[in-house]
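> One structure coming up, written as structure tokens, with questions to follow.
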Amino acid sequence: MLRFFTRRAAQAVPLLLVVSLLVFVLIHAAPGGPLALYLDNPNVRPQDIERLRRAMGLDRSLAAQYVAWLGAFVRGDWGYSYADGRPVLDRLLERVPATLELVGTSTVAALIIALVVGVLAAARRGFDRVATGVAIAGISLPVFWFGLVLQLAFANALGWLPSSGRSSFGGGDVGDMLAHLVLPAAVLAVAHAAGWSRYLRGSMREALALPFTRTARAGGVSERRIVLRHALRNALLPFVTVVLLDASIMASGAVVTESVFAWPGVGSLFTEALAKRDYTVLMAFLMCASVAVVILNLVADVAVYALDPRTREAA
Amino acid sequence: MTFRIAGRVLFAAMLGALACARSSGRGPSNDLLIVGYDREPDTMNRYATHILEDIQTGVIEGLVTTDEKMNVVPVLASEVPTQANGGVKMRADGGMDVIWKLRPGVKWHDGHSHTSADVKFTVDAINKGDWKPESTDGFDRIESVETPDSLTAVVHYKEVYAPYEMQFVRGTLPKHLLEGRDIDKAADYNRNPLGTGPYHVAEWKTGEYILLEKAKDYWRGPEYPKINRILFRFISNTTTRINQLKAGEVHMVALVPWDKVRELKSTPAIRLNQVLGNGYEHVTLNEKRFPPFADVRVRRALAHAIDRQLIVNTILDSLVTTVNGPIQPLSWAYEPNVAKYDYDPAKAKALLDDAGWKMGATGVRAKDGTPLSFTIITQAGFAIRENVAQAIQKQFKDVGVDAKVKLIDGTSISTVWFSGDFDAMLHWWQSGADPEITLFFAADRTPPAGRNINYLKDDALTKLLYASDRTVDQSARRDLLRRAQMRVADLVPELILYNTSKIDAVPATLRHFTGNPTNAGPFWNVHEWEFPTAGR
């Protein structure tokens, strides 16, 4: 187990290096830069642009910039934001709690919905028809559109919930925070639950068709017990893998949802940094996201390894 | 079993949330005004920011500002220096001196007096260049600043500089706080600047809001500002921002996009305040990249081919007015009597025929085998522009001109035009109150030296423009700029469409809100804003 773990971790290091190089080249290849927005102001003259370019170190060669960035990054110096001059690490860390709150809540909600719907859909044909329709709709809804529709319905028309933000000004108690959380979390939860429930339904169906369930039925085991104890445990393995892989993407913040709901998490920081070509913030964000993907992939492997005795024998 | 418990917890949480939700919608009052703002500032330092400075305006005051009619009005200066009041003196060596008299009794929020030493420090700090002010425009023409007394700053310019009035529109830097420091790293100042204005920054919650709170001992008197706190909430998504406004979660949105105005008209709590803007939407024609634009007949033909009134009436809901020149009607230098190009497709066709662009079988004109075909770039995600570009494309097609439309994201497009790598571009310029247009049209001001991205080279115009920059006397300068505007209209270096009017959505009961055509922004007189106290 430990050898398996260290081997995978060692593989991740060169992978992350390659990722960092690719990401660095790609974001610098995109047209515009941290100074692009200054060009729109007629009072900012070419001399000013040149002066700022030198001051920001953007006049060096791309290779030199990459080496300088990488050297500092591995030593824990993530540099300063080009946009507001504050340390990148501070800017990221102050956004993490909001993202954890949103992503955590929506993941738990999505898991609950997916488990209930997936199991029922596999077991009850009538329910399956309804669930399929709803799930397809859930998968197809563009997140930004669905988010705006929920705002119109629950904030504007009904007036039940605040349309966006993380808290009301001066009203940051638990109830207020929860009220703000409902809509963005619902959007994310629905999007993920729709996909996950379809996945679980599929693997439940497969498990229910396996010979052991027939044997169990013949042995007089109740249908409820067959579904929940026997089929579900088998079906959970692939499900866990999918959920963890998806979670690795969610860990980097829900970029679209956060900006639609003005949610102050890392996702909206990313959107903002992208528009401003804030290279240092973008690099730190993308590297953190890459590390999260690598780690959660590793967790997924370990989870399957731990849950399924067959993979242990194969290894 | 676990699921059931989790389900109950979630259900209870949602009920709790719903119960609390109603309390969030509070109306605007003299205690609190909530503004839905489209972006978070990078810094509160007015000299370092490159975006509109509405939030900073309440904290840091300029020596002057510009009002809703674009008049320059004194704030921390006791009067605007002019030749007539002896504030501006021409020197025999070709330079000029501007004498700023500061308003007595003005104090920084920490109790220190605001003095001419702060003016001198500001100039020296910017010209020292060891930090990153956004623009050094004008400052680099200053030789030195003298401070004969604590309320007089004499600014010695190396040369005559006509836009001197606006030199300190961004205010001054407090010497006693910033002297000897690296201003880029002075986070205390950049996040919570020491100002003289009606408000100070009470809280900046990153990613969420900035709260301004009434400053103590404001120099205009204890009755100002009338509103105790102003909260700027950052809501970058336009639809979300408008939804929040309609739901009453925010009370005001500055600069409502034109395509959102219609849906706000029926919101009774909201008043839409419209002023002319100091900017104009136009199609830049890049003569260097697409040589057929170098022929003035082609440019005039394209101007005649566009039905501007139709575009304004339909796509823009008549919220803007067509204009014919780069200097806008609110400016003292505006000249209305210039050549105008009315919608006249027959004339457009005749001009193109005359220029040798003959109609081909495909419906596209050509000359010597080259089709009259080019690409108009414009900003993606700006719905109005996307529609206007398509309308122009159709109207060009009617006279045999093939224009393709290419959408480019807002960050990339600045780099594209700066490099001159485009045929034509639909965009606007937003200017400060001074009517200088040299950097847009002088022959030697093509990038990187300026913003003449038409790549127009006209000696007569260039001479007029530089002469106007070196003329301080307003009537003489007006005459030079009048001739420059007529020359621009004759040459049609760009296809000018309409004035970019500015529409702000404010609470219906808010008093003394006027809006502002320039980058001074609608918050320029925020200290006066007030809600009626009785009968609400």
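The values are calculated or read from the model by the stated rules, or taken from the named source; none is laboratory data. Predicted, not measured: the structure shown is a model, and the values here were computed from it. Every residue, glycine as well, gets a Cβ built from its backbone with ideal geometry; the counts of neighbours run over all protein chains shown.
> Looking at the range B:172-201, which of its residues are away from chain A (no Cβ under 14 Å) and either assigned to a loop (DSSP other than H, G, I, E, B) or small (Gly, Ala, Ser) (or both)?
Residues satisfying the conditions are B:Thr172, B:Leu173, B:Pro174, B:Glu179, B:Gly180, B:Leu194, B:Gly195, B:Thr196, B:Gly197, B:Pro198.
> Moving on to the next point. Can you name every residue in the range B:127-171 that is of a type outside the set (D, E, K, R), within 22 Å of A:Gly85 (Cα to Cα), more than 10 Å from chain A (Cβ to nearest Cβ) and surrounded by fewer than 21 Cβ atoms within 10 Å (Cβ to Cβ)?
Residue satisfying the conditions is B:Asn127 alone.
> Would you confirm whether or not the range B:257-265 contains a residue that is outside any loop (DSSP other than H, G, I, E, B), more than 11 Å from chain A (Cβ to nearest Cβ), β-branched (Val, Ile, Thr) and under 26 Å from B:Gly197 (Cα atoms)?
No.
> Also, I was wondering about something else. Mind listing whichever residues of the range A:223-276 are out of contact with any Asp or Glu (no Cβ under 7 Å at 6 or more places or on another chain), assigned to a helix (DSSP H, G or I) and among the polar types (S, T, N, Q)?
A:Asn234, A:Thr241, A:Ser248, A:Thr257, A:Ser259, A:Thr271
> Moving to a separate point now. Which of the residues spanning the range A:63-87 are over 19 Å from B:Thr206 (Cα atoms) and either among the basic types (Lys, Arg) or within 14 Å of another protein chain (Cβ to nearest Cβ) (or both)?
A:Arg75
One line per residue, one yes/no per condition, for (1) within 12 Å of chain A (Cβ to nearest Cβ); (2) at pLDDT 95 or above; (3) crowded, with 22+ Cβ neighbours inside 10 Å; (4) assigned to a helix (DSSP H, G or I):
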| residue | (1), (2), (3), (4) |
| --- | --- |
| B:Lys406 | no, yes, no, no |
| B:Ser412 | yes, no, no, yes |
| B:Gly420 | no, no, no, no |
| B:Trp429 | yes, no, no, no |
| B:Ala433 | yes, no, yes, no |
| B:Thr471 | no, no, no, no |
| B:Ser475 | no, no, no, yes |
| B:Ala484 | no, yes, yes, yes |
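> State yes or no: is B:Ala333 in contact (Cβ under 8 Å) with a residue 40 or more places away in the chain and either within 29 Å of the chain's Cα centre (by Cα) or part of a loop (DSSP other than H, G, I, E, B) (or both)?
In short, yes.
> Which of the residues spanning the range B:289-315 are basic (Lys, Arg) and either assigned to a strand (DSSP E or B) or under 18 Å from B:Leu426 (Cβ atoms) (or both)?
B:Arg289, B:Arg299, B:Arg308
> Let me ask something else about it. Tell me which residues, restricted to the range A:51-62, are facing chain B (nearest Cβ under 10 Å) and among the small types (Gly, Ala, Ser).
A:Ala55
> Regarding the range A:88-110, can at least one residue be identified that is among the basic types (Lys, Arg) and within 30 Å of A:Phe24 (Cβ to Cβ)?
Yes: one or more hits.
Here's the yes/no breakdown for (1) among the hydrophobic types (A, V, I, L, M, F, W, C); (2) touching a helix residue (DSSP H, G or I) at 6+ places or on another chain (Cβ under 7 Å); (3) surrounded by fewer than 20 Cβ atoms within 10 Å (Cβ to Cβ):
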position	(1), (2), (3)
A:Val174	yes, no, yes
A:Met177	yes, no, yes
A:Leu183	yes, yes, no
A:Arg201	no, yes, no
A:Met204	yes, yes, no
A:Phe212	yes, yes, yes
A:Arg217	no, yes, yes
A:Ile226	yes, yes, no
A:Ile249	yes, no, yes
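> Out of curiosity, is B:Arg365 of a type outside the set (A, V, I, L, M, F, W, C), at pLDDT below 95 and surrounded by 14 or more Cβ atoms within 10 Å (Cβ to Cβ)?
Taking the combined requirement at face value, the residue does not satisfy it.
Residue by residue, here is whether (1) at pLDDT 90 or above; (2) in contact with a helix residue (DSSP H, G or I) (Cβ under 7 Å, 6 or more places away or on another chain); (3) closer than 25 Å to A:Leu269 by Cβ; (4) more than 13 Å from chain A (Cβ to nearest Cβ) holds:
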residue	(1), (2), (3), (4)
B:Gly27	no, no, no, yes
B:Ile34	yes, no, yes, no
B:Thr43	no, yes, yes, no
B:Gln56	yes, no, yes, yes
B:Gly62	yes, no, no, yes
B:Val75	yes, no, no, yes
B:Gln83	yes, no, no, yes
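> Out of (1) at the interface with chain B (Cβ under 8 Å from one of its Cβ atoms); (2) among the aromatic types (Phe, Trp, Tyr); (3) crowded, with 20+ Cβ neighbours inside 10 Å, what's the single condition that is false for A:Trp160?
For A:Trp160, the exception is condition (3).
> Those residues that are within 15 Å of B:Val35 (Cβ to Cβ) and away from chain A (no Cβ under 14 Å), I need them from the range B:202-237; list them, please.
Residues satisfying the conditions are B:Pro225, B:Ile227.
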